[in-house]
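Below: one structure, written as C-alpha cells.
The values are calculated or read from the model by the stated rules, or taken from the named source; none is laboratory data. Predicted model only: the values in this text are computed from it and were never measured. No Cβ is skipped: glycine too gets one built from the backbone with ideal geometry, and neighbour counts run over all protein chains shown. Heavy atoms of the whole protein, side chains included, go into the accessibility calculation; ligands, DNA and RNA do not. Shrake-Rupley method; radii C 1.70, N 1.55, O 1.52, S 1.80 Å.
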Amino acid sequence: MTRIATCFAQAAGRKLLVPYITAGDPDLDTTLALMHTLVRAGADVIELGVPFSDPMADGPVIQAACERALKHRVTLTQVIDTVKRFRESNQDTAIVLMGYLNPVERLGYARFATLAREAGVDGVLTVDMPPEEAADLVDELRKNDLDSIFLLSPTTPDARLKQVCELATGYIYYVSLKGVTGAANLDTAEVAGKVTHIQSFTDIPVAVGFGIRDARSAAAISQTADAVIVGSALVALIGEHAGNPETMHSTLHDLVNGMRLAMDRSAGAAA
Amino acid sequence: MNTETQPFQGSLTDNSPDRKGHFGIYGGSFIAETLMDPVSELQEAYERYRLDNEFIAEFEWELKNFVGRPNPLYHARRWSQELGGAQIWLKREDLNHTGAHKINNTVGQALLARRMGKKRIIAETGAGQHGVATATVCARWGMECIVYMGEEDIVRQAPNVFRMKLLGATVVPVTSGSRTLKDALNEAMRDWVGNVDDTFYIIGTAAGPHPYPTMVRDFNSVIGKEIREQSIEHTGRLPDAIIACVGGGSNAIGAFHPFLDDREVSLIGVEAGGDGLETGRHAAPLSTGKPGVLHGNRTYLMEDDAGQIIETHSVSAGLDYPGVGPEHAWLKDIGRVQYVAVTDREALDATHKCCRIEGIIPALESAHALAHAVKIAPALSKDKNIVVNLSGRGDKDINTLADIEGITL
Ligand SMILES: Cc1ncc(COP(=O)(O)O)c(C=O)c1O
C-alpha cells in the first residue's frame, strides 16, 4: 500500500487534513521547518507546491509565493531534496508535489519519478496536465509507486469524470469552485452534492480544495469529503509573517489545528 | 521524446493537427481541469462552424466590408532596385481596418462567440494591436470587452491603450511576473477559469490549447490565400519566398499555411533577436529554445535549466513572448520552414528604410521580416520574388521610435 493509501486506511472515519504550502517561500529551510509544524498541527498529507514562473491556475496569494521562491531560484530538484530531508525524521505523513508541468518536462519524466521516489515523495499533481496528455508521465509514476493525482472541477462532465477516476490513484482532488486558488465564492452545499456524486463513481478518496480558509469551512466540507485541502489561507500567513518566523509558525499551527479540531468535532457530532 | 529533424513525406496540411490538436509532438491541451469543458465546447463549436457555409459566408463578408480585404500585394520597386537583387513584394496587412492582421482572427472568433451565445469577451495583448482588434469587434457586435495588458506594455504602447478605451473596452494592467504579454495571457486564463459560463477568450496568436492554434491559423490563412492569387496575377507564378515575423506566430502561419505543400516556395519565419542571440537578451525560442509546456501547448520555449520561463527582450512588444505557436515548432523540426532572428538594430534600420524609400511606416514587428528580406534579397537574381508580410502599420510605435532617438513627443 502506498503511504497515501495508508493515511486514508488508518483514518477510520476521521477526515484527512491536507495543507498546501509553496516550497521555497521564503526559503527551503523554513519550508522544511513549516512541514513539521503542519504535522504537529494535525496534517495527514502535505501538498508541497513547486514554484513556477507562470502559475496560470493560481490566484494572487500563491502567485506571490512563487515569485518569492523564485527570487532565489528554487528548483524542482531542490524541492525534492527538501522532501528527502523531511523523511529523515518523518515516515508517516504523505507528501504530494503539486505544480506545473514544465519543470517536470525539463528534468525528464523518468528522472523526475526516480528522484521523487528515492526522496520519499508519495504523489504528484501537475495542474496543467489533464489525463488526456498524461499517459507517459503516469507510466513513469506508476513504475515508481507514486500516486497520480488529478483534478475534477464543477465543470467536469460525467463522461470525463469516469475517465479521470480510472486513471487517478491516491485521491481525487475536487476543485470546489470555478476559479483560481484563493477565490472566495465557495458554496458548501453545492460542493457536498458534487462530492457525493463523485463518490458514486469511485472508491478513491475525494479531497476538496480551493476556497477553504478557516475552521468553519473546513468542518463543513469535511461532512462529505474524505479530505480537506487548505492552501492560500496558509500561504497568505507565510507571506505576511515572512520577517518573523516565530509568529509564522504559531499562526500557521493555530489555523491548521483549529481546522483539525473543528473537523473532528463535526465528525463526532455527526456520529 | 524524439525532437530530431525528420524528413516529412506527404501533405503537410491534411490531418494536421490530429484530433486532439497535436502537430507532431507539439500542441495539445495543457490546461487546468476547470477549462477542459469550455475548451472542448469551443472545439466542438469550431469543428462545426468551420465547415458551415453560412458562417464562412459571414466571415468573408466581414473581411471584405468591415476589414477592407483584399489588401494589396504591393511591389516595393524602389527598395528592390536599391537592393539590386530579388523583387520585394509587401503584403499590406497594415492597410486592414485597425492596422494589422490581428483583425482577421478577432472577426472570426467574435462570430464564433456570437454563435455560442457568449456575451463577455476577454483578451490578452502585447503590442495592443490584438487588444484594439478585439475591442473593435466587441464594439461592432455590442459585446463586453476586457483586455489584459502587461504594465510595461501599457507604457510602451500608450496610443493603443487609448484606442481600446475609446472603443469601450476595459484595459486591466497586469503587474505579475515580467509584466508583459506572457503575464497578460496568464491573467486572461485566470479570468476565464473564474467566468467559464458566459465568457469567450479571444486568444490573439496561434498558440494556446487546441483548437486555438488551428483556429487562429485558419482565420489568418486569408493572408496566404490572397498572396497566392495576387502573386499569380502580378507575376504569373507563386513567389519564391515568403517572409513573416514570428511572435506567437499568427501572421506567419496565416501567410505560410496555404503554401506548405508547395515545396518550391521557401518559407522563412523571423524571430526577435533583441540585443543579439549571443547575448541571451532576445525573444527567439525557435532559434535557441527547447520544447516545453506553457499556456496550454507543448512548443519551443525560452526557459532556464530548471524549466522556469525567462524574461524576453525585444524592441517590439508584439514579439516579446517566450513561446511560439506549436505548428511552427513542428514546421521547424520537419524542416519545412526556416526560422531566423534579426536584432532590434536591424529591425529599426529596416523601419527607417521602409519609411523613407517606400513611404510606409511599418510596425516594429513587421520590420523584423523586412530586415531579413534586406539581408537575403541582394544575393538573389532580379527575377526572384520575395513576399514580405507587412503584418501591421507602425503608428503605434512612434513613441518607442522617438524614445530611441531621445525625442519626447
Ligand atoms: C503588427 C504585428 N505583427 C506581428 C505581431 C506578432 O504576432 P504574431 O506572431 O501572432 O503574428 C503583432 C503582435 O502584436 C503585431 O501587432
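Quick check, is B:E303 farther than 29 Å from B:E233 by Cα and open to solvent by 60 Å² or more (accessible area, probe 1.4 Å)? No. Take the conditions within 14 Å of chain A (Cβ to nearest Cβ), at pLDDT 95 or above and at negative phi and apply them to B:Y300. Does it pass? For B:Y300, the condition - within 14 Å of chain A (Cβ to nearest Cβ), at pLDDT 95 or above and at negative phi - is met.
The residues listed here are B:T199, B:T235; of these, the one that is at pLDDT 95 or above and within 14 Å of chain A (Cβ to nearest Cβ) is B:T199.
Filter the helices (runs of 4 or more DSSP H) completely within segment A:157-271 down to those with at least 2 residues that are within 14 Å of chain B (Cβ to nearest Cβ). Quick ask: steps written out before the conclusion?
Details: elements: A:158-167, A:188-199, A:215-222, A:232-240, A:245-270.
Qualifying helices (runs of 4 or more DSSP H): A:158-167, A:188-199.
The residues listed here are B:L181, B:L167; of these, the one that is away from chain A (no Cβ under 14 Å) and either touching a residue at least 12 places away in the same chain (Cβ under 8 Å) or within 16 Å of B:I122 (Cα to Cα) (or both) is B:L167. Number of residues in segment B:164-193 that are open to solvent by less than 70 Å² (accessible area, probe 1.4 Å) and of a type in the set (K, R) equals 2. Is it true that some residue in segment B:136-145 is within 16 Å of the ligand (Cβ to nearest atom), modelled with pLDDT of 95 or more and assigned to a helix (DSSP H, G or I)? Scanning segment B:136-145, I find at least one residue that is within 16 Å of the ligand (Cβ to nearest atom), modelled with pLDDT of 95 or more and assigned to a helix (DSSP H, G or I), so the answer is yes.
Collect the residues in segment B:368-399 that are within 20 Å of the chain's Cα centre (by Cα) and in a helix (DSSP H, G or I), keeping them in residue-number order.
First, the residues of segment B:368-399 that are within 20 Å of the chain's Cα centre (by Cα): B:368-373, B:386-397.
Once the filter is applied, which keeps residues that are within 20 Å of the chain's Cα centre (by Cα) and in a helix (DSSP H, G or I), segment B:368-399 yields B:H368, B:A369, B:L370, B:A371, B:H372, B:A373, B:D395, B:K396, B:D397.
Run B:I357 past the list (1) within 22 Å of B:S287 (Cβ to Cβ); (2) open to solvent by 10 Å² or more (accessible area, probe 1.4 Å) and report the number of the one that doesn't hold. Going through (1) within 22 Å of B:S287 (Cβ to Cβ); (2) open to solvent by 10 Å² or more (accessible area, probe 1.4 Å) one by one, B:I357 breaks only (1).
For the structure I just gave you, tell me whether B:A329 is within 15 Å of the ligand (Cβ to nearest atom), among the aliphatic types (A, V, I, L, M) and under 28 Å from B:I154 (Cβ atoms).
For B:A329, the condition - within 15 Å of the ligand (Cβ to nearest atom), among the aliphatic types (A, V, I, L, M) and under 28 Å from B:I154 (Cβ atoms) - is not met.
Select from segment B:14-46 the residues that are assigned to a loop (DSSP other than H, G, I, E, B) and closer than 15 Å to A:L151 by Cβ and write down the one among them that is farthest from the other protein chains (Cβ to nearest Cβ).
In this case the residue turns out to be B:I31.
When you scan segment B:109-127, do you find a residue that is in a helix (DSSP H, G or I), within 16 Å of the ligand (Cβ to nearest atom), touching a residue at least 40 places away in the same chain (Cβ under 8 Å) and touching a helix residue (DSSP H, G or I) at 6+ places or on another chain (Cβ under 9 Å), even just one? Yes, because at least one residue in segment B:109-127 is in a helix (DSSP H, G or I), within 16 Å of the ligand (Cβ to nearest atom), touching a residue at least 40 places away in the same chain (Cβ under 8 Å) and touching a helix residue (DSSP H, G or I) at 6+ places or on another chain (Cβ under 9 Å).
Just for segment B:224-268: of the residues that are β-branched (V, I, T) and closer than 28 Å to B:G289 by Cα, which one is farthest from the ligand (Cβ to nearest atom)? So the residue we want is B:V265.
Entry remark, segment B:97-106: residues being buried (at least 24 other Cβ atoms within 10 Å of the Cβ), more than 8 Å from the ligand (Cβ to nearest atom) and either assigned to a loop (DSSP other than H, G, I, E, B) or not hydroxyl-bearing (S, T, Y) (or both) number 3 in total.
Of the numbered criteria (1) within 16 Å of the ligand (Cβ to nearest atom); (2) open to solvent by 40 Å² or more (accessible area, probe 1.4 Å); (3) among the polar types (S, T, N, Q), the one B:T288 fails is (1). Within segment B:196-209, which residues are touching a Lys or Arg at 6+ places or on another chain (Cβ under 6 Å) and more than 13 Å from the ligand (Cβ to nearest atom)? Passing the criteria: B:V196, B:D198, B:T199, B:F200. In the condition set (1) within 14 Å of another protein chain (Cβ to nearest Cβ); (2) within 16 Å of the ligand (Cβ to nearest atom), B:E187 is compliant with all but (2).
Within segment B:246-253, is even one residue in a loop (DSSP other than H, G, I, E, B), over 21 Å from B:P362 (Cα atoms) and out of contact with any strand residue (DSSP E or B) (no Cβ under 6 Å at 6 or more places or on another chain)? Within segment B:246-253, not a single residue is in a loop (DSSP other than H, G, I, E, B), over 21 Å from B:P362 (Cα atoms) and out of contact with any strand residue (DSSP E or B) (no Cβ under 6 Å at 6 or more places or on another chain).
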